[in-house]
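Nothing in this text is a laboratory measurement; each read-out follows from the coordinates by a stated rule. Predicted model only: the values in this text are computed from it and were never measured. FYI the Cβ positions are ideal-geometry reconstructions off the backbone, even for glycines, and counts take in every protein chain you see.
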Amino acid sequence: MSAKALDKTPFLMTAPGVIFFIMLLGVPMLMTFLLSLHSYDFTTGIQPDWTISNYIEVLGDPYFHKIFGRTFGLALLVTVICVLIGVPEAYVLAHLPNPWRSVFLLVVLGPLLISVVVRTLGWALFFGGKGVLTMIASGLGFGEEPVSLMFTFTGMTIALVHVLVPFMVISVWASLQKIDPQSEDAALTLGASKLTVLYRITLPQVMPGILSGSIIVFALTASAFATPAIIGGRRMKVVATAAYDEYLSTLNWPLGAAIAVILLVVNIVIIVSYNKLVERRFAKVFE
Amino acid sequence: MRRLGPIALCFHALFVAFILAPLLMVVAVSFTDKGYLSLPTDGLSLRWFRAILDNPDFIDAFWVSVWLALVSATIAVIIAVPASLAIARKKFPGREVIAAFLLSPLMIPHLVLGVAFLQFYSKIGLGGSFYGLLAAHVILITPYALRLALASATGLPREAEDAALTLGASRFTVFRRITLPLILPGVAGGWLLSFITSFDELTMSVFVASPATQTLPVRMYHHITQTIDPLIASVSTVLIVLTFGVMLILDRFYGLDKIFVGKG
Amino acid sequence: MSFLTLESLNKEFGDFTAVRDMNLTIEQGEFISLLGPSGCGKTTTLQMIAGLLPPTRGKILLDGKDITKTPPNKRGLGIVFQSYALFPHMTATENVAFGLEMRGVAKVERMDRARVALDQVKLGQFAHRYPKEMSGGQRQRVALARALVIEPPVLLLDEPLSNLDAKLREEMRIELRLLQQDIGVTTILVTHDQEEALSMSDRIVVMKDGDMAQIAAPLDLYERPLNTFVSDFVGKTNLIKARAAAGSQGQSVVIVDGHADTLTQNLTLALPGEALIEGESVTLSIRPEKFLMSKEGPGHKVEVQASIFMGASWLYRVNSPMGELFVTQPNTGAAGYAKGDTAYLSWPDDAVMLFSEAA
């Protein structure tokens, strides 16, 4: 084999993608990283110097601490809620008789295809000062004062759970499909109660699905833009909306680039370390 | 099949209500006959759907999105098909690196892609152009097309192609008559998923699009940050109905669950 | 006294009756097989005994107690599933110890007993492997150990050997049977493999379309099937269409109509048995290995159409006065008949089974 000339075909077949990606992904990403190493002056713009002052500013400033803290707190909370409601829902879906199973699978997954803007708009209509929440509150006799979840952490959490929970459901659903239903029967005949079967047999087998769903939900929440921008607004800034403002309002591109780089690095670190964890923990147990 | 208890079914009903509530809310508000946000308690009206016709910027943005999604999904598939065949079928040095590279946009937050393209295009003078937007979308959606193509190419029976070769077919004939028809479902599914992903994309496009090349989500986003009115609800309702149609097609031919496993 | 009793057990799925009026009594320590083609109701029966499916009607009694309504986790029966149904996230030991844990056995003791059970199925050195790291045969043994360690009154085996390759399957048959006799556990095996049922059971229940076609010990079942279905499903046989003729006392006379391509005359056979109603359609069954084949006779002249060497035996397809027949002859070391050879076929009187039903 070693004497044979290297087959060029696979390189030719992947070349269009690779060249396109180097020029239009590699170069812009590199430029963003380099940009983050310049300083910025509000009168003269981007400086030609090299500095890590942007990173120091982002990592040292309590203002950014608050934003990063809020973002990852939000991501954690949304992930936990998605686990708490998405896992049982996937279980219910898997045990529904057809045709209900197909119908509700469509209902639960279908929203993933609908623009995030539209889905968030729905919650904005609920949350707004003249929204349904206010109507319900006044109907229940809580007075005419508007009840609003707009520009609140709670509002963002609810809307993001709605946007992202289908990813948890589908991930757990896929794991559930792989379970041998006889393994649950086997545990039952060995004397386990239904609750024990759920806890000791079913749940451990869908753990990989729960973990991969969690990582998807966490990563997408941490970098979410549309929902925090519409529901959270300027009052509840997260990393993505803060970077957006640096770029398009303050025009401090180098600082915005530094925020983007940090977000990217955190994102990749989380995904990669998750994959390592799964490999170590589950390699012997599951395919 | 084990029966579900009443608690499980109650939970399920609440969950489904939670999923549908905001969508139903949007649809309900779009039928109001009032000039402000309200539920259509005094009867249904189509005035806000007629109002879309008086707002050409939404219609223009819609066509930008459709055209952008059509072209970018097609380019993504053209890139993905040969790449998927090489990656799935051949062993060559750098194979895994190339695969990871072509799938890497999945790991990059759209915001990061957006700021990267914003700076890049302003440097090379493509800022706000349709072609810049197009290239950015191709980068974003190629991984989706690639992943579905890879799944089909991996499951391809080698023997069928070998059999065709021994029966006297040329390499190109084998590709055209055996390989392509076998991976076509995956490729078509990948195209459709790419189309929808491009059509719905907001975060990256918001950085790259200029007022002249605004996509529908970007147009809607800017509208919502200014004002939330029944007009945006009626535009959204139209989108929901269109998406529902696409969803039925996707589910009919591929099964939604198969397409979404591992998306994101 | 019977140990396990099924009393007019019925299972219906909508309009479809999967099991109809099943009555069966099983003695303690007995090995019973439920044998039948897929869809005959054998697995449904097993699931009802296990408590995984509620019967539509009827009762299940275990050691005199009615367990029809007892949930599966309170029945205490041991089951080996077709897919083995091992818990993929537990090691072999943890799998085996699970049932003991559910019974509140203390950790040290249950680990000890799990180890003993694994030794019993010769898997001692694989105690800490996960199912994924074991072969099909090893997984099968873990499943067996897991079912036996709880010392169940009844062991239920659902096609336990069907996922193993042919050679391993034969070894496991012997091993499983010896282990069962050793422990003395009452065992019910569900299988579609007649060889498996014949080689392992004390008694076999042949099922067809939800009904019991016959219950008998293996040899009886093979030699004295009650109907054409059993004779054809258990072992190989030649089914020959015939019609009854007038016979005298203690003798049935049948006529096999001549086949245009093999002989022009009708063949009349006299068999021991009751006289038949003249003109009735009947079926004869003769097993391939019951024939005696010779070069010179005596017997009916046949022509060899195909000849296949099977190692231990020869399989021939011959054209005979009774139509096309399959004939097996032991390999004696000499050359067999070749295609186109003429030979003579005879058989002992008791080799022919007569069924008063059209084939």
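Structure notes:
- Ordering A:153-164, C:131-142 by mean Cβ neighbour count within 10 Å, with the highest value first, yields A:153-164, C:131-142.
- Rel. contact order, % - alpha carbon contacts under 8 angstrom, at least six apart, chain A: 26 percent
- Cβ-based exposure ranking for A:Lys178, C:Lys11, in which fewest neighbours within 10 Å come first: A:Lys178, C:Lys11
- For chain C, the mean residue ellipticity at 222 nm estimated from helices alone is -7000 deg cm²/dmol, where every DSSP H run of n ≥ 4 contributes -39500 (n - 2.57) and the total is divided by all residues, rounded to the nearest 500.
- Neighbours of B:Ser72 by Cβ distance under 14 Å: Lys/Arg scored +1, Asp/Glu scored -1, total -2.
- Inter-chain shielding of B:10-16 (mean C-beta neighbours from other protein chains, 10 Å cut-off): 5
- Computed over chain B, the per-residue total of -39500 (n - 2.57) for DSSP H runs of n ≥ 4 gives a 222 nm mean residue ellipticity of -24000 deg cm²/dmol, rounded to 500.
- Charge dipole magnitude, Cβ of K and R +1, D and E -1 - segment C:1-94, Cα centre, debye nearest 20: 200 debye
- Spin-label model, A:Lys276 to A:Phe33: label points 7 Å out along the Cα-to-beta-carbon direction sit 1.9 nm apart.
- Anisotropy class of segment B:34-105 from Cα gyration tensor, a/c 1.5 cut: prolate
- Centre separation in Å (Cα based) which lies between segment C:264-342 and segment A:74-102: 66 Å
- Contour minus Cα-Cα distance for C:Thr70 and C:Asp211 (0.36 nm per residue): 48.3 nm
- Vicinal HN-Hα couplings computed from phi for segment B:185-191 (Karplus, 6.51 cos²θ - 1.76 cosθ + 1.60; Hz; Gly/Pro x): x, x, 5, 5, x, x, 5
- Prolate/oblate/rounded label for segment B:129-264 (Cα gyration tensor, a/c 1.5): prolate
- Residues considered: C:Gly210, C:Gly41, C:Gly64. Largest GNM mean-square fluctuation over chain C, using C-alpha springs under 10 Å, is found at C:Gly64.
- Residue with peak Gaussian network fluctuation, chain B [Cα springs, cutoff 10 Å], from B:Ala86, B:Ala17, B:Ala28: B:Ala17
- Backbone geometry of segment B:72-77 corresponds, through the Karplus equation with coefficients 6.51, -1.76 and 1.60 at θ = phi - 60°, to 3J(HN,Hα) couplings of 5, 5, 5, 4, 4, 5 Hz, x marking Gly and Pro.
- Convex hull per residue volume in Å³, alpha carbons only, for segment C:4-228: 126 Å³
- Residue order, fewest to most beta carbons within 10 Å, for A:Met23, C:Met48, A:Met168, C:Met293: A:Met23, C:Met293, C:Met48, A:Met168
- Within 10 Å of each Cβ in B:79-87, the average number of Cβ atoms from other chains: 5
- What the phi angles of segment A:160-177 give under the Karplus curve with 6.51, -1.76 and 1.60, with θ = phi - 60°, is a coupling list of 5, 4, 4, 5, 9, 4, x, 5, 5, 4, 5, 5, 5, 3, 4, 5, 4, 4 Hz, glycine and proline written as x.
- Between the beta carbons of C:Asp193 and B:Arg89, assuming R0 = 56 Å, the FRET efficiency works out to 0.90 to the nearest 0.05.
- Estimated purely from DSSP H runs of n ≥ 4, each contributing -39500 (n - 2.57), the mean residue ellipticity at 222 nm for chain A is -21500 deg cm²/dmol once divided by its residues.
- Distance from the C-alpha centroid of segment C:5-50 to that of segment C:179-248: 16 Å, rounded to the whole angstrom.
- Our note on the geometry: Cα centres of segment A:249-285 and segment B:162-208, 30 Å apart.
- Listed residue (B:Val16, B:Ile232, B:Gly255) projecting farthest to the positive dipole end of chain B, Cβ model: B:Gly255
- Using the Cβ-Cβ distance between A:Met23 and C:Glu171 with R0 set to 60 Å, the FRET efficiency works out to roughly 0.45.
- Note on chain B: with a GNM built from Cα contacts shorter than 10 Å, the maximum mean-square fluctuation among B:Gly190, B:Gly127, B:Gly155 falls on B:Gly155.
- Taking label positions 7 Å along the Cα-Cβ direction at both C:Asp21 and C:Asp232, the computed distance is 2.4 nm, reported to one decimal.
- Average partner coverage of A:234-246, which counts Cβ from other chains inside 10 Å: 2
- Between the listed residues B:Val66, B:Leu134, B:Pro181, the Cα displaced farthest toward the positive end of the dipole of segment B:57-260, a dipole computed from Cβ unit charges relative to the Cα centre, is found at B:Pro181.
- Distance (nanometres) between label positions extended 7 Å along Cα→Cβ at C:Arg224 and C:Ser8: 2.9 nm
- Taking the Cα centre of the protein assembly as shown as origin and assigning +1 to Lys and Arg Cβ atoms and -1 to Asp and Glu Cβ atoms, the resulting dipole is close to 2080 debye.
- Ranked list, fewest to most other Cβ atoms within 10 Å of each Cβ, for B:His137, C:His300, C:His128: C:His128, C:His300, B:His137
- Working from Cα pairs under 8 Å separated by at least six residues, relative contact order for chain B is 30 percent.
- The magnitude of the dipole of chain C, with charges of +1 and -1 set on the Cβ of Lys/Arg and Asp/Glu and taken from the Cα centre, is near 1220 debye.
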